[in-house]
Amino acid sequence: MNLPVQPPIACRSVLAFGGARSGKSRYALELAEAAARERLYLATGSAGDDEMARRIARHKAERGEGWTTFEEPLELCAALNARARPECAILVDCLTFWLANAMFAGLDLAGETNRLCAAIRSLQGPVVFVSNEVGAGVVPETAMGREFRDWQGRVNQDVARACDCVVLVAAGLPILLKPSSRPQFALS
C-alpha cells in the first residue's frame with residue numbers, strides 16, 4: 001500500500017518531544033541538518049557524573065561533523081536571541097535539562113518559560129527544540145519530582161503553542177500534532 005506523500009510544512013520553529021529513547025533527538029537532528037548547512041547545537045545538559053559524560057560524548061559522536069556545539073544550561077533565551085539567523089539551524093537539546101537547571105537555580109519558572117516563548121515567536125532562523133514527555137509515566141515518589149513533572153508538562157504546552165510545528169516521536173516514528181486540522185461535527 002502506497003501512502004500519499006505529504007508536502008513539506010513551512011515552519012521556523014519545531015518542538016520534537018517524546019519519551020526516553022523514543023528517537024526524538026535523532027529526528028530533531030535530521031530536521032536541523034535538512035534546514036541549513038550551518039548548524040548550532042545548544043546543549044542544556046552538563047556532565048555531572050561519568051555516565052552523563054558518556055551520554056554527552058555519544059550524542060556528540062552521533063552529530064558528526066558540521067555542528068558547532070554551545071553549552072547553555074540556563075540562559076537559553078539570550079543564546080537564541082544572539083545566535084538565531086536564517087542561514088543557521090539551531091537544535092536545542094533539551095528543554096527538560098534546561099527546566100531542571102532553572103529549577104535547581106531557584107529561578108522563576110513561569111517567567112523563564114514566558115521569556116522562552118517570547119523568544120521563540122521572534123526567532124530569526126530555524127530552531128528545533130527537543131523535550132521529554134514526562135506525564136505518561138509513573139507518578140514521581142517525591143514532592144520535588146512531582147513538581148518537576150508538572151512544570152515539564154506546562155513548559156511543553158507553552159512551547160508547543162509558541163512553535164509553528166509540534167511532533168511527537170514514539171518508537172522512532174514522528175507523529176505530527178501541529179499544525180493539524182480540528183475535527184468538525186457534521187450536523188446534517
If you count only protein heavy atoms and use a 1.4 Å probe, how large is the accessible surface of CYS77, to the nearest 10 Å²?
10
Given the whole protein assembly as supplied and a 1.4 Å probe, what does the accessible area of GLU71 come to in Å², nearest 10?
120
Taking all protein chains as present, what is the carbon and sulfur share of the accessible area of segment 71-188, in % to the nearest whole number, probe 1.4 Å?
57
Near the amide H of PHE129, under 5 Å away, which other amide H atoms are found, from residues 5 or more places off or on another chain, if H is placed in the peptide plane?
VAL14, LEU15, ALA16, VAL92
Mean ellipticity per residue at 222 nm, deg cm²/dmol - from DSSP H runs of n ≥ 4 across the chain, formula -39500 (n - 2.57)
-13000 deg cm²/dmol
Put +1 on the Cβ of each Lys and Arg and -1 on the Cβ of each Asp and Glu in the chain; which of LEU168, GLY153, TRP67 then has its Cα farthest toward the positive end of the dipole?
LEU168
Give, rounded to the nearest 20 debye, the magnitude of the charge dipole that the chain has about its Cα centre when Lys and Arg contribute +1 at Cβ and Asp and Glu contribute -1 at Cβ.
540
With the 8 Å Cα cutoff and a minimum separation of six or more residues, the chain has a relative contact order in percent of 33
Looking at the chain, which Cys residues are left with no other cysteine's beta carbon under 4.7 Å from theirs?
CYS77, CYS88, CYS94, CYS117, CYS163
What does the accessible area per residue of the chain come to in Å², with a 1.4 Å probe and no ligands, DNA or RNA counted?
59
In terms of the Cα gyration tensor, with a ≥ b ≥ c the square roots of its eigenvalues, is the chain rounded because a/c is under 1.5, prolate because a/b exceeds b/c, or oblate?
rounded
In this structure, the FRET efficiency calculated for LEU107 and MET52 from their beta-carbon separation, with R0 = 25 Å, to the nearest 0.05, is 0.70
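The values are calculated or read from the model by the stated rules, or taken from the named source; none is laboratory data. Just so it is clear, the model here is predicted, and its values are computed rather than measured. Counting neighbours? That spans all protein chains shown, and the Cβs are built from the backbone with ideal geometry, glycine included. Areas reflect the complete protein model, heavy atoms only, side chains present, ligands, DNA and RNA absent. Shrake-Rupley method; radii C 1.70, N 1.55, O 1.52, S 1.80 Å.
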